[in-house]
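So the structure is just underneath, and the comments pick up after that.
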Amino acid sequence: MPKLWQMDDYDECLQSSGPNEPAGVYCTSAVVVKPDNRSELWRLIEEFSSDYKRHYNHQVLKWGVCIKKCQKAIENLSPQARKGLTVEKFPIDVRYKFEDGILENAATDREVYADVVEICINKELNATYGLLAYTEILTCDKSSDETVIDALDISFLIILCLLVSCVILSSWYDSSINYKLNSEHYKQALDSKRKMVWVSFSIQRNWYRLTSRTRDETHQKLRFFQAFRFITMSFVIFGHAALLLAVTPTTHSEKLEKMMHNIFSMILTNGVQITQTFLAMSGTLLAIQVMSLAERRKGRVSFFYVPVAILYRYIRWVRIKGKSLLEEGKPCISGCNFSCVFY
């Protein structure tokens, strides 16, 4: 069967040969094999792809082609041969490309390079496998393209600079009020809410918060969660490492498909069973948090608690109520990547 992914050398294609040479163009295309019931290979592709739970859809291919290479490959073809290698779009019941408008200049690239790419790909497909395909360009990269910084890039840089500035200023302020010059300063709560806000991004203080342990009774009872977290993360890491070591999907898809016929491989590589433990731990810790809060407030828990909990999760804000959590030695107990419980 044809390879699912077939890519020409990207760097070599875009490398300019000289100042008078045309710009290099590299196009990535979706290639949909045209059904042909007279072809035994097509019937094999159709039957093999029908097992969609364990196999890729081998009717839809992804090819990356160099325009220079394609132009050279088809330059001697007659008009009749070119016409024979052109396939009109036929009904396709699978998703094979992104929605129009997502990739910039895709429509323009199709108008310019569509014929060259389709004839080039079909020439190889027909010569090697006796098949034809409908080809649609997804995107094209050109050596003449210049990097354009748009509004999203600028927004990212502004936010990044603000965060870095907050960390630097907060760390400097925290160290400037450390009059005794000892590490205990960063482990204790400050005497005012304003100071606690100023040091909320302090590297030193947050490092001690992350590495500190609590003697809280509830936290001690939930220590067994650490074993589940360790086992679960070990399986996640081992599963990803096994996939990387065993197969590279873009070049050896058949090996990955064979692995899906092995029960142990299916369990290991299918992350649903493993990630469910994260959700279970997250839900348990969230339930404990809500019940503890309801007990302290005598059953009065408002809906406002939900956005506050989310805010705590992402900003790691220090809640000051009487004594601060830091002073009480009650750090965050994180069950998984989705929730964080404060006591």
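Values quoted throughout were computed directly from the atomic coordinates according to the rules given, and no laboratory measurement underlies them. Bear in mind the structure is a predicted one, so any value in this text is a computation, not a measurement. Please note: Cβ atoms are built from the backbone with ideal geometry, for glycine as well, and neighbour counts cover all protein chains shown.
Taking 20 Å as the limit for the C-alpha separation, the pairs 62/83; 89/255; 68/123; 221/298; 123/255 exceed it in the case of 62/83; 89/255; 221/298; 123/255. Looking at 158, 192, 173, which one has the Cα that reaches farthest to the positive end of the dipole of the range 147-206 (charges on Cβ: Lys, Arg +1; Asp, Glu -1)? Of the options given, the answer is 192. Under a 5 Å amide H cut-off, with hydrogens placed 1.01 Å from N, residue 61 pairs with 31, 32, 33 among residues at least 5 apart or on other chains. Inter-label distance, residue 76 to residue 192: 8.6 nm, where each label sits 7 Å from its Cα along the C-beta direction. Residues whose amide H lies under 5 Å from that of residue 133, counting only those 5 or more places away or on a different chain, are 34; hydrogens are built 1.01 Å from N in the peptide plane.
Starting from 0.36 nm per residue, how many nanometres of slack lie between residue 41 and residue 108 once their C-alpha separation is accounted for? Working shown, then result.
Values: separation 67, 0.36 × 67 = 24.12 nm, distance 3.44 nm.
Length gained between residue 41 and residue 108: 20.7 nm.
In the range 1-133, Cα pairs under 8 Å separated by at least six residues give a relative contact order of 31 percent. Projecting label points 7 angstrom from Cα along Cα→Cβ for residue 155 and residue 311 puts them 2.2 nm apart.
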